[in-house]
Structure formats: structure tokens, C-alpha cells
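Have a look at the structure below before the remarks.
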Amino acid sequence: MNPFNPAIKFLFLALTTGALSLQTALAALPIAHWTQPSGAQVFLVQSPAIPMLDVQIDFDAGSRRDPALQAGLASASASMAGKGVRASGAAAALDENALGEAWADLGASFGASAGSDRLSFSLRSLTYPDLLDQAVQLASRQLADPAFPAEVWTRERAQWQASLKEADTRPATQASRAFRRTVYGEHPYGYETTGAMLARIEVADMQRYYRQLVLPCRARVSLVGALNRAEADALVTRLLARLVAQAPAACPALANVPEVAPLQAPATLALPFDSAQAHVLMGQPGFKRNDPDFFAFTVGNYILGGGGFVSRLTQEVREKRGLSYSVYSYFSPGLHAGAFTLGLQTRPDQAAQAVQVSRQVLADFVTNGPSAEELKAAKDNLTGGFALRLDSNRKLLDNVANIAWNGLPLNYLDTWTDQVNRLTLTDIKAAFARVLQPDRLVTVVLGAPAP
């Protein structure tokens, strides 16, 4: 029996995880992969330096699966999954307070979140057998038997609706919503959660959503920690056991989600707002995460607007003309083509010029690509900082889950720097020219006249 409080030990080990995992980040990272009889796919990186385990379970149940009139259903289901568990066999029901206390007593954590593509559950625990067994048992209950208490949903929904009303008063929120609606059109990536949408979501909807989408046959389970393969396989079996017992005999097919439609013409929206700063967002649909030119987009965007003060947009918009303190660009690839976004804030009287300069920088980059000097600097920076992407168990788990979810090669992390270093100027120029059309940009300007 360990004489120290598990929660205190957990905190100490969490603080030391980064330093210890950095050694792992600098070495090869073999990822073991297998499929369980339930259909669950398992991905394991053994990290024996400390007695800790991080687990992520992903399901194709993100907001792209939301009904058009119930945007927010995935997020509501994820939030409510942690508000209590039903009674099961000899185990008594736990309300949200008892559930929270149970996790605190174990010095462990388990929670759910929903993104555009996936519903994710995350477990973190020490691997001491007495603690880990209890954590897995509790996580298995919470995963398979969420209570979805109606009175808690009534409270949570009211708070969420109030938060949405408050967010509506922020200029950045209004600009972002208009941008997403225009870029994505009718695609679920552009759905907007509103108070009216939440009013349509009932407990029965969350229960049905959960039963249909949270199935073991679709689970992708990523683990990083002090377990070998046999131990990991046994743990995942226990973790999913309740789900397996409730699952249908066959894995039902999921409905097809259409792709994001490309823009056919430019669109400019001028939104009135009494603000000291004009908010500008520009962009269009970009690329899917499995695009073979992913690395070309990553390095190219670092040069264009993702590299902070060394990016071309910063040099042209901020340094040379003083039009904005900050200007940036990024891609958001997913199972569908996520948006390419270029954003800045500026004085209202400078908005038209800032938009014009930004458009020109983007057009020049798409037409001509980066310079040799820019490409070398970007490669040096990205490869030099690669270890920082893996310097904790949590970051390493994020990368393993990314490999699992997107069907990337198991040696993806081992070959990352080689993939970056082999890029040529032609590769980046061709990739950007294929995906971006600067003459079809969505431009949202809030707080200033249309440019």
C-alpha cells in the first residue's frame, strides 16, 4: 500500500511528465496497433518512465452528426455524459457530485468533449493496480451508463443559452459566425448552436444519439503509458465491456455526410458594430486531413501567416504598414475540407487597406509560392521545435489519437521531420494553387464599411 495520497502523487507525476517524456520524443516511437473482437481499434505507445496512463477513446459522433435543427446535440451529449451514472447491477447510481468525488478520491480524471468530427473520452490515472482497476471500472460505467438527468439538463441548458446571449455581444463571435455560415453553407461544419436549437434538445434526443453513435465497433482507443500490449488489451476490454454488452450484434452503417461545397464566387459581408476595432476574417474551404499535401500546407502556411512575426502577412500588414498589431492565417482540416482562415483586427478607417494588402499577399503567395530563404527558415524552425510537440504524455496522446483517427501511417511521427525536409518550393506552390482561389474569398468585415 502506498503511504501517499493518490491525488498528491498524481500532481507530482503530472508535473514531471514533460521532462521525462521529452526523452521519448527524441527517440523512435513505435506504435502498436490491433483490433479487438468488438471491432474497437487500439493504438498503444509504451511509456514506462512514470506510472501513469493516458487514454483517449474517439467515436464518429462529433457535431457533423448533429441534426440540422438541433445543432449542439453532440456537445450537449458530451457535457451531460459526466453528470451522473445509472445504477447497474450491485453498483448504485451516482449523481454528478458523487461522481466528481469518486474521481477526486482516485486522483484520476475522465471526461468527454465533442469536436466537429469526433466525440472523445479521456482517461488519466496512475497505473498502480489498486487505483487503475478502480479508475477503469468507474470509467466503464460512465462511458456506457450515463444518467442524463433531466433536471440537470434543464439547468445546463439555461446556463448555455445565457452564455450564448452574452457571446452575441462580442464582435469576434458575430464575425466568426458569419464567416462560418458563408464558408460552409449548408454543411454541418457551418451549423450554429443557438438558444432555439438548444430548446429543441431533450434528454431522449441525447440518449438516442448516444445509443446510435457510441458503439464499441467504432471506437478508436489510443493509449500512452506504463502498460505493455497484453495489459493494454485487457484494460481496453474492461473499459469497453459495458458498451459491448449493450451493443447490437452487427455494427450498423453510418449515414453519409456530404462534402463541403467549393465556393463559386466571392462574398463580402459588412456587419455594423460599434467597436474601436474592425474585425476582419477572410477565407474559403481548404483541404481534408488526409490530403497528400498536408505537409506542404503546414509548411506553406507557416511562411504565409502561421509563423508569427516571421510570417509574410505580418511583415506586409504590420511591419511595413502598421495596419494591425496581429495578422494570421491557418487551415482547419478534418474529415471534410475545413476552412482556410486569414484574420486581423484594425482601426475601422484602415480596414479597406488592410483587406486589400492581405488579399494581395495571399494572391502573390498562391501564384508564386515562397522564396528559398523563407522555405529554409520554416523547415529549420518546424523541425527544430518538433520535440516540443511530444514533450508530455498528453501531447503524445494527442498525436497518437490523430494517427488513429485519420488513418495515418504508424511511423508518422518518426518520419515527420523527413516529410518536412523533403518539401520543395514547387510542392508548396502547387498545393496552394490547387486548393486556394484568392478571387473567390469570403470576406467578413465587422465594424467598418465594406472594402
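The values are calculated or read from the model by the stated rules, or taken from the named source; none is laboratory data. Keep in mind that this is a model prediction, so the values were computed, not measured. Backbone-built Cβ (ideal geometry, glycine too); neighbour counts: all protein chains shown.
Filter region 218-230 down to residues that are in a helix (DSSP H, G or I) and surrounded by 18 or more Cβ atoms within 10 Å (Cβ to Cβ), then give me how many there are.
The first filter runs over region 218-230 and keeps only residues in a helix (DSSP H, G or I), leaving 218, 229-230.
From the residues that got through so far, the ones that are surrounded by 18 or more Cβ atoms within 10 Å (Cβ to Cβ) too are 218.
The number of residues fulfilling the criteria is 1.
Just need a number here: residues in region 143-160 that are assigned to a helix (DSSP H, G or I) and under 25 Å from the mean Cα position of the chain (by Cα).
Total satisfying the criteria: 7.
Within region 83-142, track down each residue that is over 27 Å from the mean Cα position of the chain (by Cα) and at positive phi.
Answer for region 83-142, where residues must be over 27 Å from the mean Cα position of the chain (by Cα) and at positive phi: just Gly89.
Taking only pairs six or more apart or across chains, which ones have beta-carbon atoms under 8 Å, a first residue in region 402-414 that is not assigned by TED's automatic domain parsing to the domain that holds Leu119, and a second residue that is assigned to a helix (DSSP H, G or I) and hydrophobic (A, V, I, L, M, F, W, C)?
Pro409/Ile403; Leu410/Ile403; Tyr412/Ile403; Leu413/Leu390; Leu413/Ile403
Quick check on my filter: what residues within region 118-135 are polar (S, T, N, Q) and more than 21 Å from Ala49 (Cα to Cα)?
Correct list: Ser120, Gln134.
Among the residues of region 274-289, write down those that are in contact with a helix residue (DSSP H, G or I) (Cβ under 6 Å, 6 or more places away or on another chain) and either among the charged types (D, E, K, R) or farther than 27 Å from Arg170 by Cα (or both).
Selection gives Phe287, Arg289.
Would you mind finding the one in Leu388, Leu397, Leu382, Leu413 that is crowded, with 19+ Cβ neighbours inside 10 Å and closer than 20 Å to Gly307 by Cα?
None of the others qualify; the one that does is Leu382.
Check region 300-308 and report whether any residue there is part of a helix (DSSP H, G or I), of a type outside the set (S, T, N, Q) and at pLDDT below 95.
If we filter region 300-308 for residues that are part of a helix (DSSP H, G or I), which is where we start, we get 300-306, 308.
This time we only want the ones that are of a type outside the set (S, T, N, Q), so: 300, 302-306, 308.
Those still in the list that are at pLDDT below 95 too: 308.
Checked against the condition, which is being part of a helix (DSSP H, G or I), of a type outside the set (S, T, N, Q) and at pLDDT below 95, region 300-308 yields at least one hit.
Restricting attention to region 417-451, and to residues there that are part of a helix (DSSP H, G or I) and among the β-branched types (Val, Ile, Thr), which single residue is surrounded by the fewest Cβ atoms within 10 Å (Cβ to Cβ)? Talk me through it step by step, then tell me what you get.
Restricting attention to region 417-451, the residues satisfying the condition of being part of a helix (DSSP H, G or I) are 417-421, 425-435, 438-440.
Okay, now just the ones that are also among the β-branched types (Val, Ile, Thr), so 417, 420, 426, 428, 435.
Values: Thr417: 15, Val420: 19, Thr426: 10, Ile428: 26, Val435: 20.
Top of the filtered list is Thr426.
Select from region 310-363 the residues that are more than 29 Å from the chain's Cα centre (by Cα) and either of a type in the set (Lys, Arg) or assigned to a strand (DSSP E or B) (or both) and list them in ascending order.
Arg318, Lys320, Arg321, Arg347
Give, as residue ranges, the strands (runs of 3 or more DSSP E) completely inside region 24-122 that count at least 1 residues that are under 16 Å from Gln137 (Cα atoms).
Values: elements: 32-35, 41-46, 52-59, 109-114.
Qualifying strands (runs of 3 or more DSSP E): 52-59, 109-114.
Looking at Gln159, Gln137, Gln142, can you tell me which residue is farther than 30 Å from Met282 by Cα, without any contact (Cβ under 8 Å) to a residue 24 or more places away in the chain and not hydroxyl-bearing (Ser, Thr, Tyr)?
On inspection, the qualifying residue turns out to be Gln159.
Checking the conditions here, which among Asp364, Asp380, Asp391 is of a type in the set (Asp, Glu), modelled with pLDDT under 95 and either more than 30 Å from Glu186 (Cα to Cα) or in contact with a strand residue (DSSP E or B) (Cβ under 6 Å, 6 or more places away or on another chain) (or both)? I'd like the intermediate steps shown before the answer.
On the way: Asp364 fails: modelled with pLDDT under 95; Asp380 fails: modelled with pLDDT under 95.
Among Asp364, Asp380, Asp391, only Asp391 is of a type in the set (Asp, Glu), modelled with pLDDT under 95 and either more than 30 Å from Glu186 (Cα to Cα) or in contact with a strand residue (DSSP E or B) (Cβ under 6 Å, 6 or more places away or on another chain) (or both).
Of (1) closer than 26 Å to Lys83 by Cβ; (2) modelled with pLDDT under 95, Leu239 satisfies all except one. Which?
The single condition Leu239 does not satisfy is (2).
Taking only region 193-221 into account, find how many residues are in contact with a helix residue (DSSP H, G or I) (Cβ under 6 Å, 6 or more places away or on another chain) and among the β-branched types (Val, Ile, Thr).
Of the residues in region 193-221, 3 are in contact with a helix residue (DSSP H, G or I) (Cβ under 6 Å, 6 or more places away or on another chain) and among the β-branched types (Val, Ile, Thr).
Check whether at least one residue in region 228-246 is closer than 24 Å to Trp405 by Cβ, small (Gly, Ala, Ser), in contact (Cβ under 8 Å) with a residue 60 or more places away in the chain and assigned by TED's automatic domain parsing to the domain that holds Leu126, and report yes or no.
Among the residues of region 228-246, at least one is closer than 24 Å to Trp405 by Cβ, small (Gly, Ala, Ser), in contact (Cβ under 8 Å) with a residue 60 or more places away in the chain and assigned by TED's automatic domain parsing to the domain that holds Leu126, which makes the answer yes.
In region 127-147, is there at least one residue being aromatic (Phe, Trp, Tyr), in contact with a helix residue (DSSP H, G or I) (Cβ under 7 Å, 6 or more places away or on another chain) and assigned by TED's automatic domain parsing to the domain that holds Gly39?
No, region 127-147 contains no residue that is aromatic (Phe, Trp, Tyr), in contact with a helix residue (DSSP H, G or I) (Cβ under 7 Å, 6 or more places away or on another chain) and assigned by TED's automatic domain parsing to the domain that holds Gly39.
Take the residues in region 257-296 that are under 30 Å from Trp416 (Cα atoms) and among the charged types (D, E, K, R); name whichever of them is surrounded by the fewest Cβ atoms within 10 Å (Cβ to Cβ).
Selected residue: Glu259.
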